[in-house]
Amino acid sequence: MMKSDANREALFALGLCAKAGKLVYGVPMVCEALKKQKAIVAVFSAADNSPNSAKRLSDRCTFYGVPLYTLSVDGDTLSSAVGKSGRIAALAVTDQNLCGLVLSKLPKNTEKDNIEN
């Protein structure tokens, strides 16, 4: 997928979160962290997730009251932004201040998936 300047800034901010050790990687680990009531501030999902992964994330985030944002990048781009190999379908940010930085860098058209919070 094509990265715009706004996406590049948001991905850079997620990279800073990774350097700070304030990310949870992957759908299974994000769901487990939500279940264990870890301090998850927001969840960011890739645009090319499977319907099963998207529903699983949406259901868990809605249940635990955590905002879920779908980024307009694919899983490969998301993983390279945070310095991981392979594909990452979802990331969770665990620090309030760093999450605010990421949210401030998101493009205006980024979807917030569950609005019932």
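Structural remarks
- All C-alpha pair distances within the range 1-69, sorted into 5 Å bins from zero, spread as 3, 15, 25, 24, 20, 11, 2, 0 percent across the bins.
- Correct choice for Cα extents along the principal axes in Å that was computed from the model, options (1) 33, 29, 28; (2) 165, 26, 10; (3) 71, 29, 25: (1)
- Using θ = phi - 60° in the Karplus curve 6.51 cos²θ - 1.76 cosθ + 1.60, the 3J(HN,Hα) couplings for the range 14-25 round to 5, x, 5, 4, 5, 4, 7, x, 10, 10, 10, 9 Hz; x is entered for Gly and Pro.
- The range 48-112: C-alpha gyration tensor shape, a/c 1.5 cut-off, then a/b vs b/c: rounded
- Residues of the range 21-46 with amide N under 17 Å of a point placed 7 Å along Cα→Cβ from D59: 27-36
Read the figures in this text as sums done on the coordinates, not as results from a lab. Here the structure is a predicted model, which means the values were calculated and not measured. No Cβ is skipped: glycine too gets one built from the backbone with ideal geometry, and neighbour counts run over all protein chains shown.
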